[in-house]
Structure formats: C-alpha cells, structure tokens
Amino acid sequence: MQELSEKPGLPAWDLKAIYPDSSSRDADVALLRSLVVKFVEEYRGRLGSLDDDGLVRAFEAHAKISNTSSRIMVHAYLTFAENTASTAAQALLASAEELSAEVWGQLVFFELELGRLPGQFSSRMDAYAYFVQKCVQRNAHNLTEELEAYGIEKNLTGVQAMTGLFDEVMGSLSFEDKNASGEDTTFTQETALSVLHHADRAYRLRIYSRFLETVGSQKTVLTSIYNNVLLDHRLDWKRRNYTGAMEPRNLSNQVSSRAVDSMLEIVQSSYRIVRRYYTWKARYAKIDQFTNADIYAPVLPRTSPYDFAHAQDSVIRAYAGFDPQAGSIVSEFFKTARVDARVIPGKRPGAFCYGASPELDAFVHLNYTGDLRSIQTLAHELGHGLHHQLSRSQNHVNFGTPLVTAETSSVFGEILLNELLIQEARSKEEQLALLCAQMEGILATVFRQTVLTRFEERAHAERDSGRVSADRFSELWLEENGKLYGDAVSMVDAYKWGWAYIPHFVHTPFYCYAYSFGQLLVLALYQEFRTHGDSFKDGYMKLLSLGGSRAPAKLVSETVGLNIESDDFWLRAVSFIENMMDRIESIGPGPGVA
Ligand SMILES: [Zn+2]
C-alpha cells in the first residue's frame, strides 16, 4: 500500500460498445417506435386468445422492445452520469426518459392481460410461466379498471400529497450551530447526521440532539402526515383483500410472510450481539455512559489509502480466490473498459452498477477516493456486475432480481474482499479497524432495520383503532429501540423524535425489512461457504445465474439446498455475526485499556 500522492490514473469507461455513434442510436429509436406500433396492433386485447406458441412469440416480440429500450436508456444514463453538467447529456437523458414513458405507457396492457390468463401452460411456456404467475398474483388484488384509474387520480391530492409534503418539510429542515472549527454553520439533515462520525464527542452529542429537536419542532405536521399515510395504507390493503398490512410488500418481494416473520424473530432474539459490540466499543474507546450519538464514533486507526491499481488487484484476487470464473468475469470489466472510477467535475456522485438487459454488458460507476469505503464500493459494485453477467443467460423478464436478493452478490463480494484485507493487514489495529467497519455496517443493516420494522408494525396496528398522537409514536419508538440497546447504549433525550424523519415509513411502508433480509441471506450463504468450502461454490454461482427466475425461497433451496423458511437458516447468519464478535474481542480491547 502506498500513499495516494501521485494521483494514479483512474480508469474511464468506453460507451462506444453500446453505440459507436449517434446515428446507430437514432436508428434504434426509430426501430423501437416501429416495434411498439406493431406489438400493440398485433397483441392488444388478444393475449387471452393465444395458444402457448402464440404467447411465446408475444414474449419474444416484447423482449425485442424491452432490450432496445434498455440499450437506449443505458446509453443515455451513462452518458449523463459521466457529465451531469453537460446540456447535451441532459437533453439525451430527458429524451430517453420521455421515449421510455411513451413506450411503456402503451404496453401496460401486456401485464394486465397476462394477469387474467388461467395460468396453466405446456412446457413451451416454461421460461415465462413464473412471470405470468406474478401477474396473476397481482391481478387478484387489483380493483376494477375504473377504480384503479380514479385511485391514481385521487392519490395526487391524497397519499402522494402527504409524501410530497414530508419531503418538503424534511428538505427545508435546517438549523444554525457552530461546526467543529467553531464557525457558524447551517446544518441540514445530511450534514448533521454526518457529524455522528466525527471524533469530538461533545460536538457529536450537541449536533445530533439539535438535529432531533429540529425534527421535533415539526411534530404537528409530521404526526399528521404519518397518521394519514397509515390510514391510507390500511384502507388500501383491506379493500384489495390482503390479510395484513405487511402482505402487499411481501408479495412484491416474492417472499412468504412466514419467512419474513421467522427472520425478524431470530434477529430480535439476537439483539444481545449488538449490546455486546457496543459494550466492547465503549470500553475500547473509553467512553462512559455510551450513547447512541457514539455508535459511529471513529476510535480505530484509519487504514492507509489504497491506490487504484492495488484496489483493482485486491478485488480481483478476492473474487478469483473464491472462484476462478468469478475472478475472470470481474477482471473482464477492467479489460473491456466498463469501469469508470474517475473523480472529475460534473460526474454523478456515489456509485452504481448498471445492467439493464440480458443483451448488454453491465457498467460500473464510482468516484474512487482511495479510502477503505472506496475499495469496498469497488468490490460491491463489481459483485452486482458479476451477478448481472451470470444472469444474462435468463430472458428479459427473468434476469432481474427482487429487492431481497438484489444485494446478494454485492454484499458477498464485500465480505470476500474484507477477508482478504484482514489476512493481508500489517497490524492488529488494521485488522480490528476492518472488522469493526464490517460489524458496524452489519449492525446498521440487520438490527437497526429490524427495530424500524418492529416500530412500523406497531404504528400500523395502533392506527387501526384511531389517530395516534406524537407522544404515542415516541413511546413506541423508544420501546422498540430500548429492546435493542438495553443497558449498553443510552439514547439521547431528543431521540424520541427519531421515528419522525425516516423516509421509508412514509414513502414505502415495510420497505426496511428487505435490508435485514438481504444482508442476513448473504451472511447465511457465507457461513455455508465457510462450512462446506468448495462444494458450496457451484450452487452459489448457479444461484446468481438464475437471476430472478424463481421466488427467493425456491432459488436458495434449488441451488444451495437451504430453507429460508426455517429458523436454522437465519441462525446460520447470526452465528457468522457472533463469530465476528469473537474475533474482535480476541484482537481487542487493545493497548491502554485496563
Ligand atoms: Zn448494491
């Protein structure tokens, strides 16, 4: 590892592989429009009368539209991401988005008509049966066309107005205070919460409390918004004949309520690990009365920066060490210029991997700064890339994955990298820093998101019997958080307003558990790899290559032989976390601690 002093060259991607010039893009736009006209003429109102061969032909025509539309969109989005300030790129993206809305607006009938099919097919339809089955499942909860249309219209002034108002309130939230250097500063949600990672404890406590109090100052409007969202959700699931508030989300995640329940139960019965970690951290950092403003406090030495060549080499070795095919797929991204890691003006911040169609290679975008997070991001996004490249063997309706399995390969890749870095670390402190960074990520994803879900369940249940007051929401919030933290972490007073700023509660009820679910799934798989070694790999690579062609439970049982509806599965994941905690304690608490 060397210092990042000489600004090593960062790779740029080459988008010519998508369209060599603008005329080939224009030709695709014209082709797409003609394909859509033909498809609508041929199939609208007729899907129910087709035999299986006819349906397969319809799917093949649909694939052509979908793949062409994706190519246009990927090209426009990546061009924009490279330089968001370019007016030409902005115009290209806007025209691709308008085209996409125009195309998919005309094709809405496809899934609606599929949803009304009886759902019994010959083997000719094997590749599409699962997709039709999902359309049929959704159809069972659809209202009449007239009601659906009126609902969409009324939502503009109903629940969408509520979520819009929430965003406006949160977006305009700010307060004045001194920053770490004593200068007068205006804090927003983002800058205030980033202070939780600051080394100065008094500063952390002050700014975190000020932020939460500022949220609390909006309690009248935030309480009203949340009550309306809860009631809207209740009216909706009841009228659509779901059996409970969480069921619509479980259906769209393609997981059974049983699997979700058993996952949440196991996580909740493992809260002790969280207390064990923070008790350790309080001792290591010598913090008396550890609070939830201390949970992200930096107490370990920063690892030295990684130049990009070293990062690339480590990530490839991490994947190749797991499986040679995985290593070669990942290194192919660099060989064919499909990674853009430059930090240049106008480039979109953050990181992503974009693979939108089985006909296209995926591209990876990141802003590489050389810190630990940066190299983990590289491993993460290339994990998505690996998943995409393997699932290209699936058709256009089967290759994408639902939320709960979308992060499997990316998070698995992060663990592979972390294990490699730990092995190659030059000091115990560096090992400890790597383990703690990983642990804090897991605690935030698995445990905190479960607390959020438990709060949400109770909020929805209470709204059944009438309007819920701000104080009551605060009570429920502190109770659920108290179960997690116990005596190990005391909550700052203003934390009672912690429920009021979580966007998922308002935007997408019960979204949060997917974070816990996805992360634990990966930990269980990794634990299985640890136990069975090589014999696990084929099943895992198969799992990735099947994309979203099966429901997650079936995917996992068919490939690696595990049952996500059993407690055992989730306990495997918990034992991985417990094992990490053992490693941390065996290295720490470190010098200078009694
Ligand atoms: Zn990801």
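The values are calculated or read from the model by the stated rules, or taken from the named source; none is laboratory data. Keep in mind it's a predicted model, so treat the numbers as computed, not measured. Here the Cβ positions follow ideal geometry from the backbone for every residue, glycine too, while neighbour counts run over all protein chains shown. The protein model used for the area step is the full one, side chains on, heavy atoms only, and it has no ligands, DNA or RNA in it. Shrake-Rupley method; radii C 1.70, N 1.55, O 1.52, S 1.80 Å.
Remarks
- Residue among Arg275, Arg249 that is under 29 Å from Gly171 (Cα atoms) and part of a helix (DSSP H, G or I): Arg249
- Residue among Ala459, Ala433 that alone is of a type in the set (Gly, Ala, Ser) and either in contact with an Asp or Glu (Cβ under 8 Å, 6 or more places away or on another chain) or under 18 Å from Met246 (Cβ atoms) (or both): Ala459
- Residue in segment 60-83 that is among the charged types (D, E, K, R) and touching a strand residue (DSSP E or B) at 6+ places or on another chain (Cβ under 9 Å) present: yes
- Screening Leu435 against (1) more than 16 Å from the ligand (Cβ to nearest atom); (2) within 23 Å of Leu360 (Cα to Cα) leaves a single unmet condition, (2).
- Any hit, segment 288-303, residues being open to solvent by 40 Å² or more (accessible area, probe 1.4 Å) and of a type in the set (Phe, Trp, Tyr): yes
- Among the residues of segment 307-331, those that are touching a residue at least 12 places away in the same chain (Cβ under 8 Å) and surrounded by fewer than 17 Cβ atoms within 10 Å (Cβ to Cβ) comprise Ala309, His310, Gly321, Gln325.
- Selection count where residues are in contact (Cβ under 8 Å) with a residue 40 or more places away in the chain and surrounded by fewer than 19 Cβ atoms within 10 Å (Cβ to Cβ), scope segment 74-101: 5
- Residues in segment 345-403 that are assigned to a loop (DSSP other than H, G, I, E, B) and over 15 Å from Tyr77 (Cα atoms): 19 in all.
- Scanning segment 259-272 for residues that are polar (S, T, N, Q), open to solvent by less than 30 Å² (accessible area, probe 1.4 Å) and not in a loop (DSSP other than H, G, I, E, B) gives a single hit, Ser262.
- Restricted to segment 380-398, and to residues there that are polar (S, T, N, Q) and open to solvent by 30 Å² or more (accessible area, probe 1.4 Å), the residue that is farthest from the ligand (Cβ to nearest atom) is Asn395.
- Some residue of segment 448-457 being crowded, with 21+ Cβ neighbours inside 10 Å, free of Cβ contacts under 8 Å to residues at least 40 places away in the same chain and within 16 Å of the ligand (Cβ to nearest atom): no
- For segment 411-432, taking the residues that are among the hydrophobic types (A, V, I, L, M, F, W, C) and either over 15 Å from the mean Cα position of the chain (by Cα) or more than 16 Å from the ligand (Cβ to nearest atom) (or both), the one that is farthest from Asn253 (Cα to Cα) is identified as Ala425.
- Candidates Thr377, Thr401, Thr408, Thr369: the one that is closer than 23 Å to Gly9 by Cβ and within 16 Å of the ligand (Cβ to nearest atom) is Thr377.
- Failed item, numbered, when Leu544 is tested on (1) open to solvent by 30 Å² or more (accessible area, probe 1.4 Å); (2) closer than 20 Å to Phe322 by Cα: (1)
- Look at segment 560-571: where a residue is assigned to a helix (DSSP H, G or I) and a partner is charged (D, E, K, R) and open to solvent by less than 80 Å² (accessible area, probe 1.4 Å), sitting 6+ places away or on another chain with Cβ atoms under 9 Å, you get Val560/Glu528.
- Selected residue [surrounded by 21 or more Cβ atoms within 10 Å (Cβ to Cβ), farther than 19 Å from His380 by Cα and not aromatic (Phe, Trp, Tyr)] from Val522, Val506: Val506
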